[in-house]
Structure formats: C-alpha cells, structure tokens
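Peer 1: Pasting in a structure now, in structure tokens, and then I'll have a few things to ask.
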Amino acid sequence: MVATIQPQIDTVARTTWQIDPKHSLVEFSVKHMMFSTVKGRFGGVTGTITLDEADLTRASVDVEVDVSTIDTREEQRDGHLRSADFFDVEQYPTMTFMSTRVEDLGGDRFRLVGDLTIRGVTREVTLDAVFNGRGTNPWGQTVAGYSATGEISRKDFGLEWNAVLETGGVLVSDAVKLTLEIQAVRQA
C-alpha cells in the first residue's frame with residue numbers, strides 16, 4: 001500500500017477592509033497652559049486593515065492621515081499647527097501608521113503596536129484597541145468598527161515649539177493623548 005501525501009491547503013480566511021474616511025477620525029488632546037485641555041481632530045483618515053479571521057495576531061493595519069485636515073475649532077491655531085512650527089504640512093502632508101504586531105488581550109480587546117511617522121520621524125507606538133462589532137450597512141456592505149487610545153510625546157516627532165509662561169510651565173504639554181474611531185468596509 002502506498003501512502004499519498006495531501007498538500008496542506010491554507011484555508012485561513014483573510015479579509016481586507018478599507019477605512020471609511022466619512023466615518024473615521026483621529027482625535028488628539030493636549031494640556032494648554034498646564035491646566036486646561038485642547039482637543040482636535042484629523043478628518044482625512046484612509047487605510048487598509050487586513051484580518052486573519054482565525055488569528056487576530058496575524059492582522060495588519062496601514063493608515064495614512066492627511067495632516068491638512070487638522071481641526072481644533074480655531075482657524076488661527078489650526079494654521080499655526082499646519083506651519084513649520086508644528087506639522088510643517090508643506091513638507092510633510094501626511095502622517096502614517098503601519099502595524100508591526102497585534103497582541104490579543106482576550107474578548108474584543110487587543111493591543112496594536114506599530115510605527116507612527118510624523119514629520120519624517122518614525123517611532124514605535126502602542127494603542128489599546130477594542131473591536132466594537134460588525135454588521136451590514138443600508139447599502140449591503142459589511143462594516144466593522146474599532147476604537148483605540150494611546151499617548152505619544154510630541155517632542156519624539158520633532159514637534160518642539162512651545163512658549164514659557166510667566167507663571168512657570170509651558171503653553172503646550174509634551175504628552176498628546178490619541179483617540180481613534182475607525183469604521184472599515186470589507187472588500188470583495
């Protein structure tokens with residue numbers, strides 16, 4: 001009797017999801033004058049999520065943010081943030097995030113680790129994330145929702161502009177809190 005070896009077929013379902021910029025945003029908050037908080041957002045968020053439906057740790061995320069879409073609800077401040085003092089949109093129109101690993105924390109929680117690039121400087125960042133669910137929208141598309149939070153040092157990315165206050169301290173904190181709300185559409 002001759003044994004035949006069956007080739008191993010990869011039956012893992014990999015799905016690709018496009019981030020929906022109309023239903024996604026990246027928000028940030030910083031301390032202003034050491035005691036109040038200023039919040040802002042970037043509306044121009046695009047990218048791709050690739051999922052291994054059987055193993056979350058094999059997922060990947062690739063995101064691009066149009067920095068010119070910054071909105072803090074104060075046009076003069078937004079203009080300053082777009083300038084060379086901060087994001088230097090003329091030279092660096094986008095910031096990117098590319099995941100390097102995903103850690104499954106159980107349930108719907110996971111940790112997303114990756115390389116964030118702002119102003120041409122790349123640093124590893126960690127985001128605590130939650131899968132919020134999946135469903136079908138009114139147009140028959142399968143969509144999924146995710147939320148994530150993290151914190152970065154703006155100085156790590158060359159965003160060093162500041163003003164010293166006469167009472168001591170600085171105008172803008174170094175710590176920047178991040179909040180992401182992402183909706184992605186499954187691709188055929």
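Peer 1: With ARG123, ARG134 as the choices, which residue is of a type in the set (Lys, Arg) and within 25 Å of ALA188 (Cβ to Cβ)? Can you show your working first?
Peer 2: Details: ARG123 fails: within 25 Å of ALA188 (Cβ to Cβ).
Of the residues listed, the single one that is of a type in the set (Lys, Arg) and within 25 Å of ALA188 (Cβ to Cβ) is ARG134.
Peer 1: Can you pull out every residue in region 23-57 that is touching a Phe, Trp or Tyr at 6+ places or on another chain (Cβ under 8 Å), over 21 Å from VAL185 (Cβ atoms) and either free of Cβ contacts under 8 Å to residues at least 40 places away in the same chain or basic (Lys, Arg) (or both)?
Peer 2: LYS39
Peer 1: Next question. Of the numbered conditions (1) touching a residue at least 40 places away in the same chain (Cβ under 8 Å); (2) surrounded by 16 or more Cβ atoms within 10 Å (Cβ to Cβ), GLU64 fails exactly one; give the number of that condition.
Peer 2: Against the list (1) touching a residue at least 40 places away in the same chain (Cβ under 8 Å); (2) surrounded by 16 or more Cβ atoms within 10 Å (Cβ to Cβ), GLU64 comes up short only on (1).
Peer 1: Consider LEU116 carefully, then state whether it is surrounded by 18 or more Cβ atoms within 10 Å (Cβ to Cβ), at pLDDT 95 or above and part of a strand (DSSP E or B). Walk me through how you get there before you give the answer.
Peer 2: Details: surrounded by 18 or more Cβ atoms within 10 Å (Cβ to Cβ): yes; at pLDDT 95 or above: yes; part of a strand (DSSP E or B): yes.
Yes: the conditions hold for LEU116.
Peer 1: For the structure I just gave you, tell me whether THR16 is among the polar types (S, T, N, Q) and either farther than 20 Å from ALA129 by Cα or modelled with pLDDT under 95 (or both). If you could, list the steps in order and put the result at the bottom.
Peer 2: Working: among the polar types (S, T, N, Q): yes; either farther than 20 Å from ALA129 by Cα or modelled with pLDDT under 95 (or both): no.
Considered against the rule, which asks whether it is among the polar types (S, T, N, Q) and either farther than 20 Å from ALA129 by Cα or modelled with pLDDT under 95 (or both), THR16 comes out as no.
Peer 1: Quickly run through region 39-74 and pick out the residues that are in contact with a helix residue (DSSP H, G or I) (Cβ under 8 Å, 6 or more places away or on another chain) and β-branched (Val, Ile, Thr).
Peer 2: Selection gives VAL45, THR46, VAL67, ILE70, THR72.
Peer 1: Here is a follow-up. Search region 148-163 for residues being in a strand (DSSP E or B) and surrounded by 15 or more Cβ atoms within 10 Å (Cβ to Cβ), and hand back the single one that is modelled with the lowest pLDDT. Write out each step before concluding.
Peer 2: The initial filter retains those residues of region 148-163 that are in a strand (DSSP E or B), namely 148-153.
In the following step, the residues that additionally are surrounded by 15 or more Cβ atoms within 10 Å (Cβ to Cβ) were identified as 148, 150, 152.
On the way: ALA148: 97, GLY150: 97, ILE152: 94.
Of everything passing the filter in region 148-163, ILE152 is modelled with the lowest pLDDT.
The values are calculated or read from the model by the stated rules, or taken from the named source; none is laboratory data. Everything numeric in this text was worked out from a predicted model, so none of it was measured. A quick note on method: Cβ atoms are made from the backbone with ideal geometry, for glycine too, and the neighbour counts reach across all protein chains shown.
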